[in-house]
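Working notes for the structure below.
The values are calculated or read from the model by the stated rules, or taken from the named source; none is laboratory data. Here the structure is a predicted model, which means the values were calculated and not measured. Neighbour counts are summed over all protein chains in view; Cβ atoms, including those assigned to glycine, are modelled from backbone coordinates with ideal geometry.
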Ligand SMILES: *[C@@H]1O[C@H](CO)[C@@H](O)[C@H](O)[C@H]1NC(C)=O
Ligand SMILES: *[C@@H]1O[C@H](CO)[C@@H](O)[C@H](O)[C@H]1NC(C)=O
Ligand SMILES: *[C@@H]1O[C@H](CO)[C@@H](O)[C@H](O)[C@H]1NC(C)=O
Ligand SMILES: *[C@@H]1O[C@H](CO)[C@@H](O)[C@H](O)[C@H]1NC(C)=O
Ligand SMILES: *[C@@H]1O[C@H](CO)[C@@H](O)[C@H](O)[C@H]1NC(C)=O
Ligand SMILES: *[C@@H]1O[C@H](CO)[C@@H](O)[C@H](O)[C@H]1NC(C)=O
Ligand SMILES: *[C@@H]1O[C@H](CO)[C@@H](O)[C@H](O)[C@H]1NC(C)=O
């Protein structure tokens, strides 16, 4: 009997070691790719933005004021913007100018390309949306300003895009359960475009999402500010969907929902130097709603400060989805008073009804957290709540120091997750490998014969 137990232990240990060995090499294999997602030098410097002033000769200025915009914040300037767009879009090397010091009221509008080369959209004034949901254009229920089908366009300036969202927020079912749940417009969207630069602009008080990048490739966003109140519902700061090769840098986001949300069909996303707060954190997801497929891969966040947010670094998926989140690296992140600093939530449920547990899930693997420090508002400073049937794997923690300010002990919550710790990891995350350990304990201590049968 004793001999069998001993042999069983040896067998199990070698199997476990084998598993860990394999997962380590997978890990490093996978992480090579994410490691190679480092920032290139030119991305780290501020862009040399094209000068728009006409005395430099080569640019053709298309001023919205020349098309009859009044800029008084009251008159409807939609037509002037549409006509100025038509002119600027069809003229090579033109600058569509929204001049400083004035406020332009513009209805829901689609600015479509393709345009002539080297268009610059120079927004120095303020553009505001009509504030009354009841009068909103029924043809554009979910959008205010949409720019689509563009290549090589730069959006820049010190202007403000203001969604005038107050009445929309009050009409949200998240604010008042007697309201019907209907979606509000996204304020500013760049859709189906490539080689886009966005710099210097401020997005604020959006009806719902502030700034959406959808179905784009090669987008660089620098030095933007997003600002919506902490209690404004679903006002994501910057939302990426179906987009690849996106750099988001040196930006400050404070809002009522995710500072950044990265959803399906997005990959090669680099974020650097972000401030987030208030808000719900920097999120991948949600993914997998209504049994859908969600795929996000190769995401890097380097250097961020999150303050007073409800989440820090979050991956959220619904039960019942499919697809994967793979190859994510978070590093050099400071948290202050963040409720869930590190969280993977595969039981996400943003619905009035409870979401039933299901067997399928969006698979989460190769997620690395490195140099993450600061304070947690909740006990579970790290929370890995993974699907029982599709565990999270290859979660790597290196140099983590998260503590509670109130003197209580912070801890790590694990459900169905495997991974490894390096360096100092505080709170300790021994539960990351607990499935292997409990496997040894339960099986070896109880029924040795069964082990041999199951393992062979
Ligand atoms: C802008 O919206 C208002 C309110 O619905 C409407 O009266 C006006 O005609 C719209 N302007 C344009 C140019 O369509
Ligand atoms: C985008 O422009 C191309 C021409 O460059 C055109 O073929 C295509 O239909 C346009 N797509 C949309 C969605 O407008
Ligand atoms: C919610 O909306 C109902 C109906 O419009 C209104 O009577 C009630 O005062 C609102 N409640 C809050 C908390 O605003
Ligand atoms: C997610 O993107 C994939 C393509 O990468 C697509 O097949 C799938 O339908 C998308 N899922 C949703 C929910 O849109
Ligand atoms: C998702 O799939 C589960 C299991 O097949 C099914 O019970 C459920 O109704 C599906 N949900 C939706 C929204 O299609
Ligand atoms: C789903 O499963 C998780 C983990 O096993 C459990 O904590 C949670 O209570 C379950 N939720 C429902 C709605 O059954
Ligand atoms: C983590 O922090 C240490 C100490 O500040 C620093 O030397 C190291 O470069 C950081 N790691 C990364 C990946 O930035």
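Restricting attention to the stretch 163-184, which residues are more than 16 Å from ligand 1 (Cβ to nearest atom) and crowded, with 20+ Cβ neighbours inside 10 Å?
165, 169, 172
Could you grab me the full set of residues in the stretch 232-251 that are outside any strand (DSSP E or B) and touching a residue at least 40 places away in the same chain (Cβ under 8 Å)?
Across the stretch 232-251, the qualifying residues are 232, 233, 234, 235, 237.
If you go through the stretch 295-323 one residue at a time, how many are under 21 Å from residue 415 (Cα atoms), touching a strand residue (DSSP E or B) at 6+ places or on another chain (Cβ under 6 Å) and crowded, with 21+ Cβ neighbours inside 10 Å?
So the answer is 8.
As an exercise: evaluate residue 354 against (1) in a strand (DSSP E or B); (2) out of contact with any strand residue (DSSP E or B) (no Cβ under 8 Å at 6 or more places or on another chain) and give the number of the one condition it does not meet.
For residue 354, the exception is condition (1).
Looking at the stretch 296-320, which of its residues are more than 25 Å from residue 256 (Cβ to Cβ) and either outside any strand (DSSP E or B) or away from ligand 7 (no atom under 15 Å from the Cβ) (or both)?
Those that are more than 25 Å from residue 256 (Cβ to Cβ) and either outside any strand (DSSP E or B) or away from ligand 7 (no atom under 15 Å from the Cβ) (or both): 297, 298, 319, 320.
Considering only residues that are more than 31 Å from the chain's Cα centre (by Cα) and surrounded by fewer than 18 Cβ atoms within 10 Å (Cβ to Cβ), which ones fall in the stretch 101-116?
If the condition is that a residue be more than 31 Å from the chain's Cα centre (by Cα) and surrounded by fewer than 18 Cβ atoms within 10 Å (Cβ to Cβ), then 101, 116 are the ones that fit.
Test each condition in (1) farther than 20 Å from residue 191 by Cα; (2) within 16 Å of ligand 2 (Cβ to nearest atom); (3) touching a helix residue (DSSP H, G or I) at 6+ places or on another chain (Cβ under 9 Å) for residue 92 and report the one that comes out false.
Result: residue 92 fails condition (3) only.
Can you name every residue in the stretch 66-77 that is surrounded by fewer than 17 Cβ atoms within 10 Å (Cβ to Cβ) and outside any strand (DSSP E or B)?
Result: 66, 68, 70.
Restricting attention to the stretch 82-91, does a residue exist that is away from ligand 4 (no atom under 16 Å from the Cβ) and either at pLDDT below 95 or in a loop (DSSP other than H, G, I, E, B) (or both)?
yes
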